[in-house]
Every structure is written in C-alpha cells, then in structure tokens.
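Only one structure is covered here, and it is reproduced in the block below.
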Amino acid sequence: MGKKLFNCAIIVPLFGAMSKVSDKEIQGIIKEFQSQGASLQELSERLSGQITRRTLQRRLQELVQTGEIKKLGKARATRYRHVQKFKLNQKPPSSIVSEDIVPFNAPKTPKDDTSNGPSYSSVSRKIVNIVRAPQETRKAVGYRREFLDSYRPNETYYLPQELRQRLIKVGRNEHYDSLPAGTHARQIFDRLIIDLSWNSSRLEGNTFSLLETDYLLEQGKSDEPHRAREAIMIFNHKTAIEMMVENTGHLGFNRYTMMNLHAALTEDLMEKASSEGALRSIPVGIGGSVFHPENAPQVIEESFDSILEKAEAIRDPLECAFFLMIQLPYLQPFEDGNKRTSRLAANLPLIQNNLAPLSFVGVPAKRYIEGILSVYELNRVEPMVDVFAWAYEQSAARYMTIRQEVGEQDPVKFHYRDDIKACVRDVVVKKLGKREAASFLKNWASQNVTADSRDSFVNVVEERLLSLTEGNIFRVRILPSEFHEWWEQWDQKKR
C-alpha cells in the first residue's frame, strides 16, 4: 500500500509546543534559500526550539511526497527546494523539477512559440480553454478507470480513420515492407538518437540546446557539473533509444519491455534506485493541475497490465503509439518519468512496423502539456490528436529526407547484422591489434560468409572497428574496461 500522508493538524497536539510549526512556515523558510535550497541542518537552526529534528525530517518527507517541495541530493548532501506552482498561461520556472510533480516546467524559448506549431481544431480550442483557466476555478478530478476500460482495441479509435490513413502514407516507405523490423530506424539511427533525446528532454524543461546535445552525446561525458542531471537525462534517452532499436525483435508490449525502458530513462535520476523500472507504491501529485492520480497499488498494477494487454492487441501501429502516449501518463504507474516513458514507448510500434519514428521535432512544450492536461482533467484526447498528427508529419518528412541522403541500406549489414557485432566484440575482447584483426576477420568470413559477400562483410566490420568509441560501444555489448584494454593495443601498434 502507499505511504499514508498524515494530517499535520492532527499530529501537532501529540508533540506539544515543540511541533507547533505549520507546513507553510517550513516552506517559507525553504523558499528564502531560493534555487540552492535548504539543508536539514539549516532548517533545524532556523526552527530551533519550535520543532524536533526528527519531526522536521518526517514533515519534510510528507511535503516531498505531496509535491510541495523537492528533495535534491542524498545523505548529508540532501537539500530541500521550493516548488513553484503556476498556471498554464504564466511563464514557467526555468529549473528542472520532477516531471510528474510539475508537468509544465519548460523554459520559455523560441521552440515554445506555438505560431509555428500545430493548430487546434475548433473542438480542441474549446477543450484547451478549459484547462487554461486558473487552477482554482477548475474542478478537482481523480483517475477514472473507465477511461481505460471503455477502450476496445480495433473497435475504439482515438485517431480518426482518415487521419490514420494519411499518417501511414507519410510515414511508410514500401522499400522497407519486406525487410526486418527496425530497418528504417536503424538506417537513421544516429540522427534519431540526437533528435529524440533532445526533444523528449526539452519537453521536460531540459535547457541543453540541440548543438549542445549533439556535442554531449559525441563526447560521452559532461564537463558542466551544474547541469549534471540534465546531462544524465539526455544520456539516459540515448540508452533507451539504443535499447529499442537494437533489440526490436525481442521487445513487446509487456512488463519486461516497459520496466526496462523506464529504468533506462530514469537511471540515477530517482531518489531511490529501487524505483527505477518499478511500479510505484507511494502517492504522487501533479503540480499545476487539478488531476489527482490513482494511488492504490492494486489498481495501478491492474490498470498497467490492462494497458499493455490492449496495446498488444491494437493492430494499427499509429493508433497503438497514440494509445500508449495517452494512457501511460494518465495512469502515472511510476514515481517519475511517466511522460518520458510514454514518448519512447509510442515509438515501439512504429519501429517494429518500419514506419518513420516520432521524435517530437518542433513540438512546442505548451501545446504538448495542454494536450496532456486535457487527458488528465477531462479525458478528452482531441488536443493531443492535433499535436500528435502535426508532430508525426514533421518527423516523417524529416526522416524521409535523411533516408534519401544516406541512400539504401547495404543488404550485407542486414543479413549478417548479429555476426558483424559478434566479430567486432571478438576483436575487442581478444585485444587484437590491426594486423591480427585483419587476419582474424578474413579467416572468419571464409568459413561463415558466402563467397559473394565476404569482402563486403570484412569491410563493414573494419569500418565499425575504426569508428568504435566509448560513446557507441553499448551497441556491441562491450564494457568500458574491455574497450580501454583493447584500445591500448589497437592504438599503439602502427599497422
């Protein structure tokens, strides 16, 4: 069961004069410390004689659980920061906070200029006007299980038939119809990693620019300690995208896939490592919204499994993508990272069916959040349908152009895909120099590759070895330690 959120007014009499401090007073002191936050010691000193340290710790934890304050760091480095609540038509704060506590936290940038983004239909405009109203005037609502239960795969459709047909047309390339799942995504792999990592992170309020993201992923590390969490978020996206594209045939709409996808996206960003890839058992709040997520663990678990079961049954890949993008964040099955997980999960049916992926290129953060709030508070999907359709057309056009630039994929790379990776790994693990590697590859190819493909096979493996860096070794399942030990041999021997 979730942890009980105690009513402080009831607890106060039990502790006498030493606990007569309101939550607002605690928050007020934390707010004085502004962006750097306040430590437990600093708060204890300010409230000396008014509340015991142990009681203060408990009260702080309650405020963290309800989303009133944000906990940063661990152990002695822990600090508590004020969470600014705001309305959708106000300028949001620039700092990153938990995406499931304050959903609209993206800084105001040119990318959020909706004049170049998706347009709303007349129905969508009416819906959005409701969620744009001041929060205090909107009616509080809870999770409605019937919103999920009423959806019947291949009978119920969020995306109209005409729209699905149009999007399939722009996202499909007949050349890929007979090729293995994931072929399209692999051909534009490098560009997809940058685009999706940046845009998905940007929708969380990440302040890295596109060029900064490109440089960060190229270097494989960040030299800006003050932006460490933002860098980790981008690196995590890269890992999650690699997981989806490289393992397309082994992934599905099941717990294994979704849990591991969430774990990859939230690594080192959750308060507890045990929360990575695990359904939540504690309450969460949505700042800036009147929506209160379901907090009963049993309902969360049952609804999560139902989402996966329905997604598995949906035959139309675009409808499946949209279904996941709507239902996962609405349930809030994880303590944090729900929207990130839904955006990447939405790409799985597209990648599996060799359709253009969805990287949210150019999607204004405000439009995306208005669409999510319409689902949260009204169970209306029309605004998000408008956003999704526009975003997919942008992505499809982008990757069609990139595909044409890089040309058609080499059939040897497809047919011997796993063998290529295995040979690269063998060369590294065996610490072969360039001459030894050349001899090894020729011998291996002569025994395992058809005569007409041997030269091409060896060339592909050699190209992969020459382009191998610590930033891309995940693809061939090489550990950093293995790479560095091999590199000493590879780089020193002038061959």
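Read-outs throughout are calculated quantities, based only on the coordinates presented, and are distinct from any laboratory measurement. These numbers were taken from a predicted model, which means no experiment stands behind them. Please note: Cβ atoms are built from the backbone with ideal geometry, for glycine as well, and neighbour counts cover all protein chains shown.
The ranking of Lys169, Lys339 by Cβ neighbour count inside 10 Å, starting from the fewest, reads Lys169, Lys339. Taking other C-beta atoms within 10 Å as the exposure proxy, Glu271, Glu155 rank Glu155, Glu271 from fewest upward.
Under 1.5 on a/c is rounded, so check that first for the range 270-421, then, if it is not, pick prolate when a/b is larger than b/c and oblate when it is not; a ≥ b ≥ c are the square roots of the alpha carbon gyration tensor eigenvalues. Each step should come with its number before you reach the end.
Working: a/c = 2.21, a/b = 1.54, b/c = 1.43.
Because a/c hits 1.5 or more and a/b exceeds b/c, the range 270-421 counts as prolate.
So, counting K/R as plus one and D/E as minus one, what does the shell of residues with Cβ under 14 Å around Tyr120 add up to? Value of the local net charge: +3.
In the frame of its principal axes, the range 411-492 has Cα extents of 35, 23, 16 Å, reported largest first. Principal axis extents of the Cα atoms in the range 187-314, from largest to smallest and rounded to whole angstrom, are 43, 36, 26.
Using only the alpha-carbon atoms of the range 337-495 as identical scatterers, what base-10 log of I(q)/I(0) does the Debye formula give at q = 0.19 Å⁻¹? Those come out to -1.13, one per q. Reported value for the range 337-399: 83 Å³ per residue, from the convex hull of its C-alpha atoms.
Placing one equal scatterer on every Cα of the range 271-320 and applying the Debye formula, the log10 ratio I(q)/I(0) at q = 0.28 Å⁻¹ is -1.02. Taking amide H as placed 1.01 Å from N in the peptide plane, the amide H of Glu294 sits under 5 Å from that of Tyr143, each at least 5 places away or on another chain. Taken over the range 114-406, the convex hull of the Cα atoms encloses 136 Å³ per residue.
Tell me, Val449, Val385 in order of fewest to most beta-carbon neighbours within 10 Å?
The order, fewest Cβ neighbours first, is Val449, Val385.
Here the peptides 125-134, 348-357 are ranked by packing, the mean other Cβ count within 10 Å, and the order with the highest first is 348-357, 125-134. Based on the Kirkwood approach, the hydrodynamic radius assigned to the range 123-263 is 19.0 Å, with every pair of different Cα atoms included.
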